[in-house]
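Peer 1: The structure is given below, and queries will be raised subsequently.
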Amino acid sequence: MSESIQNLKSKIQNSAGRQRGRLVRHYFVISVILIGGGLLSSGVLEIYFRYRESQENLTVLQQEVAAAAAFKTEQFIQQIETAMRTATKSPEIARKGLSEEFQAELTRLLLVTPAVEEVVVLDIAGHIRLQASRFRAILPEDKDEIPPQTAFETAKKGRSFLGPVYFARGSEPYNSIAVPVERFAGELMGILWAKVNLKYIWEIIQGIKVERPDTLIS
Amino acid sequence: MKKKIVVYFMAILILASFHSAEAQQGKVYRVGLIFLTWEGFFPTQVKGFREALQELQYIEGQNFSFIQIKGQTYDEVRSAAKAYSDQKFDVVVTTGGAETAIARELFNTVPIVFMPMSYPVESGFVKSLAHPGTNITGITYFRDVGLDGKRLEILKEVVPSTQRVILLFDGRRSKENPTSSISVEAIRKIAAFLAIKLIEKPVQSVAEAEQVVSFIPGKPTAGVFIICVPLFRDLKKTASLAIEKKFPLIACSQRQVAEGALLNFGPDMSLIGRRGAWYVDRILKGERAENLPVENPLKFEMVINLKTAEAIGIKIPPEVLQRADKVIR
């Protein structure tokens, strides 16, 4: 009798132990799921916000690089235009018009503006009067570089002309600039047209380095 | 069973991704450089090339291996290159037309960058400058034949009294020299305009060029003009003969001016090397050579040797001297 009571007791104890074990496992699994789920969701959220943040930073960075590049490009074109306008203000022009003496001014223009490859001076009737080239000898019959009509018409009105970008032999980017040549303000004699190698801009733009999102150094 | 397969598959995938990431990190690019060199001469562009690659974070011994394939003659270069023909390169770089021909012959499946060569389209190395369409691209030496005319014009400006010019050009018909005749034709036109009488002398070797210079009687109104091809890479003796005969000599490189020629007007070779590094960088980053347009050199320089001017008894007009990028005194 006492034996059977003992058996019953131990059975009850075993079943209580098993129940406790199950309960612990149950709690463990629940807490793992809760903690893991919490960590996982916070991790995912963190990744998402970081991604958003880096995307925004990148956009700001790209905008600043683009702004710097646009500024440099504008500056580059303005410098060439200024050099061309300066060339047209030479004393030779005032005294002798589109004479041979102006040729020296064209040579100087090529010397001080490396991006300019060819310069052509047209008179008011549109005839080529003078030419200079950095890379080729020009024969009198050469008509290789004729300024476009729009350049001529715009510069004739006293305004500067900036042509569209085009590719020479499909590989080198160029554009052209034309400025009026005046004896004095309003007295037009012709136009000065230049063919500009835009690879020089590329060199300048490549020099732009970004240090921090809000600082640009070139 | 299904579970096991999935687990194995996942494990393999993870291992493979680790392996490829490691391989990418530890990748050492192999660049072969084919060039001609001899005592006292090392291509200037190679220095610019190496400097620019370093700036682009290609560090020799770390992520970049630079194999120099060189020789004193083209035969030596070819046999040196043959020794490497079974090796794998990521890019092969050359310093001239003949070297490019060797590269094409032995490394035809590898992207090849020339820095520089003349007339790549006419020589059949690329289909067009804009779209090479082959595994070859790079920097072309001459902008076009107009440059030879410009060089003659500069000779006339530097020595305005020039009335006769001995025109030395490569008379051989070979892969090295596909286009001398195009240049001769262009120079004839410019010479007629500049009122210069041309004495055309096709030569087979530099020794023959030296003979020509030594046999023609020296006159202060005569000059020597060379159509630059690799044949005329060593003009040291020709330059000293020209000084002896009081001939102004327009040479093919800054080095030759430093060695005694009167002047040169040509591209900045160091910048060409730097641009060559840009091509290599693009190719190593996955671009195809056939899509990279052939470019012209950005900067040309006029170099004048005043010591030679003094030795041959000419006075260079100050306004021309002012235009020179470098003056050797």
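The values are calculated or read from the model by the stated rules, or taken from the named source; none is laboratory data. Since the model is a prediction, treat every value here as computed from it, not as a measurement. Please note: Cβ atoms are built from the backbone with ideal geometry, for glycine as well, and neighbour counts cover all protein chains shown.
Peer 1: Exactly one condition in (1) modelled with pLDDT of 90 or more; (2) crowded, with 16+ Cβ neighbours inside 10 Å; (3) within 14 Å of chain A (Cβ to nearest Cβ); (4) part of a helix (DSSP H, G or I) is false for B:LEU147; which is it?
Peer 2: (1)
Peer 1: Looking at the range B:279-293, which of its residues are in contact (Cβ under 8 Å) with a residue 40 or more places away in the chain and either away from every other protein chain (no Cβ under 12 Å) or surrounded by fewer than 19 Cβ atoms within 10 Å (Cβ to Cβ) (or both)?
Peer 2: B:TYR279, B:VAL280, B:ASP281, B:ILE283, B:LEU284, B:ARG288, B:ALA289, B:GLU290, B:ASN291, B:PRO293
Peer 1: Turning to a different aspect of this structure: Yes or no: B:ARG50 within 23 Å of B:GLU295 (Cα to Cα) and basic (Lys, Arg)?
Peer 2: yes
Peer 1: Follow-up question, since we're still on this one. Out of everything in the range A:167-201 that is loosely packed, with under 14 Cβ neighbours inside 10 Å and within 14 Å of chain B (Cβ to nearest Cβ), what residue ends up being nearest to B:ILE139 (Cα to Cα)?
Peer 2: Here the residue is A:GLY170.
Peer 1: Here are some conditions: (1) loosely packed, with under 11 Cβ neighbours inside 10 Å; (2) touching a residue at least 60 places away in the same chain (Cβ under 8 Å); (3) hydroxyl-bearing (Ser, Thr, Tyr). A:THR73 meets all but one. Which one does it not meet?
Peer 2: (1)
Peer 1: Further, regarding this structure: Collect the residues in the range A:136-152 that are assigned to a loop (DSSP other than H, G, I, E, B) and either crowded, with 18+ Cβ neighbours inside 10 Å or among the charged types (D, E, K, R) (or both), keeping them in residue-number order.
Peer 2: A:ARG136, A:ALA137, A:ILE138, A:GLU141, A:ASP142, A:LYS143, A:ASP144, A:GLU145, A:PRO147 - these are the residues of the range A:136-152 that are assigned to a loop (DSSP other than H, G, I, E, B) and either crowded, with 18+ Cβ neighbours inside 10 Å or among the charged types (D, E, K, R) (or both).
Peer 1: Inspect all residues belonging to the range B:124-139 and state whether any of them is more than 20 Å from B:ILE283 (Cα to Cα) and touching a strand residue (DSSP E or B) at 6+ places or on another chain (Cβ under 8 Å). Reasoning before the result, please.
Peer 2: Of all residues in the range B:124-139, those more than 20 Å from B:ILE283 (Cα to Cα) come to B:124.
Those still in the list that are touching a strand residue (DSSP E or B) at 6+ places or on another chain (Cβ under 8 Å) too: none.
Checked against the condition, which is being more than 20 Å from B:ILE283 (Cα to Cα) and touching a strand residue (DSSP E or B) at 6+ places or on another chain (Cβ under 8 Å), the range B:124-139 yields no hits at all.
Peer 1: Okay, next question. In the range B:89-132, how many are away from every other protein chain (no Cβ under 14 Å), over 17 Å from B:ARG30 (Cα atoms) and among the acidic types (Asp, Glu)?
Peer 2: Result for the range B:89-132: 2.
Peer 1: From the set of residues in the range A:111-129 that are more than 11 Å from chain B (Cβ to nearest Cβ) and closer than 21 Å to A:PRO173 by Cβ, which is farthest from the chain's Cα centre (by Cα)?
Peer 2: Here the answer is A:VAL120.
Peer 1: Anything in the range B:294-323 that is under 22 Å from the mean Cα position of the chain (by Cα), in a loop (DSSP other than H, G, I, E, B) and crowded, with 18+ Cβ neighbours inside 10 Å? List them, or say none.
Peer 2: B:VAL294, B:ASN296, B:PRO297, B:LEU298
Results for (1) touching a Leu at 6+ places or on another chain (Cβ under 9 Å); (2) crowded, with 16+ Cβ neighbours inside 10 Å; (3) of a type in the set (Val, Ile, Thr), shown as yes or no for each residue.
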| site | (1), (2), (3) |
| --- | --- |
| A:GLU56 | no, no, no |
| A:THR59 | no, no, yes |
| A:GLN62 | no, no, no |
| A:PHE102 | yes, yes, no |
| A:LEU110 | no, yes, no |
| A:VAL120 | yes, yes, yes |
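Peer 1: While we're here: Within the bounds of the range A:41-53, is there any residue that is modelled with pLDDT under 90 and among the aliphatic types (A, V, I, L, M)?
Peer 2: Taking every residue of the range A:41-53 in turn, none turns out to be modelled with pLDDT under 90 and among the aliphatic types (A, V, I, L, M).
Peer 1: Right, something else. Would you check which residues across the range B:215-240 are of a type outside the set (S, T, N, Q) and more than 28 Å from the chain's Cα centre (by Cα) and list them?
Peer 2: Selection gives B:PHE215, B:ILE216, B:PRO217, B:GLY218, B:LYS219, B:PRO220, B:ALA222.
Peer 1: What tally of residues in the range A:173-218 results from selecting those that are aliphatic (A, V, I, L, M), at pLDDT 85 or above and in a strand (DSSP E or B)?
Peer 2: 10
Peer 1: Which one of A:ALA155, A:ALA132 is within 12 Å of chain B (Cβ to nearest Cβ), more than 30 Å from A:GLU64 (Cα to Cα) and either modelled with pLDDT of 85 or more or not in a strand (DSSP E or B) (or both)?
Peer 2: After applying the criteria, what remains is A:ALA132.
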